[in-house]
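Data block below; observations after.
Rule-based calculations on the coordinates, nothing more; no lab input. This one's a predicted model, so the numbers in the text were calculated from it and none came from an experiment. Every residue, glycine among them, receives a Cβ derived from its backbone with ideal geometry; neighbour counts consider all protein chains shown.
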Amino acid sequence: MKPVLGCIADDFTGATDLAGLLSRSGVAVRLRLGVPTTPPKDTSAFEVIALKCRTSPVDEAVAECRAALAWLKAAGAERFFWKYCSTFDCTAQGNIGPVAEALMADIGTDQTIYCPAFPENGRSIYMGNLFVGQQPLAESPMKDHPLTPMTDSNLMRLLMPQVTKPVGLAPQRVVAQGAEMLRSELAALRVENIAHVVVDAVADENLQTIAEACWDMKLMTGGSAVAMPLPSIYVKQGLLPRNAPAAVKPDLSDQAVILSGSCSKMTRAQVAAYSQLAPSFRLDPIELAQQGVGAALRWLAEQDLTTAPLIYASAEPDQVRAAQDALGVARAGAIVEEALAELVVAARDQGARRIIAAGGETSGAVALALGISDLAIGAEIAPGVPWCYAVSNSYNIAIALKSGNFGTETFFKEALNVLEQP
Ligand code: ADP
């Protein structure tokens, strides 16, 4: 069928997060890694294209997102969603604003909303300021992110230098009064030429209101949570049948591997907890730069993969800074990503069929190395993290792509347990 909503995500974990939440509703969701190279055929009600453009140069990110949009339009989509992280991860130059503006131009619309809130995962927006749990974004662990350190919590201030058209706010006071009120606020802002509207949301009911007010916008932008109510709204509007068959879990051996390149606080806790349960190997970017990935490959070759070993580069902020000072920010990240990419292919060839990757950029590198491009969404492990089923080098695999901040401390073990359930 023609996609009812065409989604573009700026990283792979963000895309699986969105695909997972959309599929909670029981409608068909298709996840594609990268812009498909063949013309659209047999598309689903929700099509999510995962890109790896969060930290790319602005021109490249814009070009890639426009190509994704063109594919979705060719598939017949008329409404679109630009998905970025619930912590608004971006560099000072972009790419959230520039991509939104380019998509708006191509779609032919003069207003969009920005709502990265995800209350279930502790992300809320008040007066345009983003909070992570009880902390403003810029005081949260996101201030130490290796690639996109967030040093301002105010979404309007972050957005303004990234766009050419005016930025405004639809505050909580308005959202709390319901969808009609929000619609009239957006219309009033449109009269003032406000193209980019940050929308407050502190609770799930606010997201419901926002989705009800904005479902027919040509372009919505935000985190995955604001898109979650859309499937039921489309069903109610008669745009969508609720008939999607659930993805069938393939028969998989229990050999597994976990790869972590996220340095987020939550992933570090997950790595620490899981290291108590299974064999683990720490990658050091400086050692990798000097000696290559050989030692890690040799360690991996000796492992019994039924123990689901863990390989991680996850490190504390001062260790990350030391590696970045020695190698440069981009190279430190790239060395780790390249090593994990090589290791995941080795693990697959050694028999691993259950693969967990932690970290947005990391997941992108891992998925690209495995050559997977078309994923079915399976069981949910934690809010925003489903198991996905795919084929890599003709092997059926299950893969979980976890954004750094997601999950609780026991995530890795829980993820493996979920696959044991019938
Ligand atoms: P998250 O989802 O937490 O943002 P990402 O994988 O997107 O995680 O980003 C983490 C980045 O940090 C990756 O580019 C990764 O290669 C890099 N990285 C991982 N470990 C280290 C380290 N020890 N030193 C420097 N950079 C690192």
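Key figures
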| item | result |
| --- | --- |
| Mean Cβ count within 10 Å, highest first, over the residues of peptides 24-37, 115-128 | 115-128, 24-37 |
| On Cα atoms only, tilt of 411-420 relative to the major axis of the chain in degrees | 90 degrees |
| For segment 256-420, diffusion coefficient by Stokes-Einstein and Kirkwood Rh (Cα), 25 °C, 0.890 mPa s, µm²/s | 157 µm²/s |
| Degrees between helix 360-370 axis and first principal axis of the chain (Cα, 0 to 90, nearest 10) | 60 degrees |
| Translational diffusion coefficient (Stokes-Einstein; Kirkwood radius from C-alpha pairs) of segment 5-236 at 10 °C, 1.306 mPa s, in µm²/s | 92 µm²/s |
| Calculated FRET value between Gln290 and Gln134, using beta carbons and R₀ = 56 Å, to 0.05 | 0.85 |
| Computed FRET value (nearest 0.05) for Arg173 with Lys2, which takes r as the C-beta separation and R₀ as 35 Å | 0.40 |
| The chain: radius of gyration over Cα atoms, expressed as a fraction of 2.2 N^0.38 Å | 0.94 |
| Residues of type aspartates and glutamates that Lys413 reaches as a straight line, Cα spacing below 12 Å, ignoring anything fewer than 8 places off in the same chain | none |
| Calculated [θ] (222 nm, deg cm²/dmol) that DSSP helices of n ≥ 4 give over the chain, each run adding -39,500 (n - 2.57) | -11500 deg cm²/dmol |
| Cβ-derived FRET efficiency at R0 41 Å, Lys218 paired with Glu302, nearest 0.05 | 0.15 |
| Taking the chain and dividing mean pair separation by its residue count, relative contact order in percent (alpha carbons under 8 Å, at least six apart) | 19 percent |
| Set Lys83/Lys265; Lys41/Lys165; Lys52/Lys236; Lys2/Lys83 screened for pairs whose C-alpha atoms are more than 28 Å apart | Lys41/Lys165; Lys52/Lys236 |
| Cα centroid separation - segment 28-105 against segment 145-181, whole Å | 20 Å |
| Summed side-chain charge close to Ala117 - residues other than Ala117 whose Cβ falls under 14 Å, Lys, Arg +1, Asp, Glu -1 | -3 |
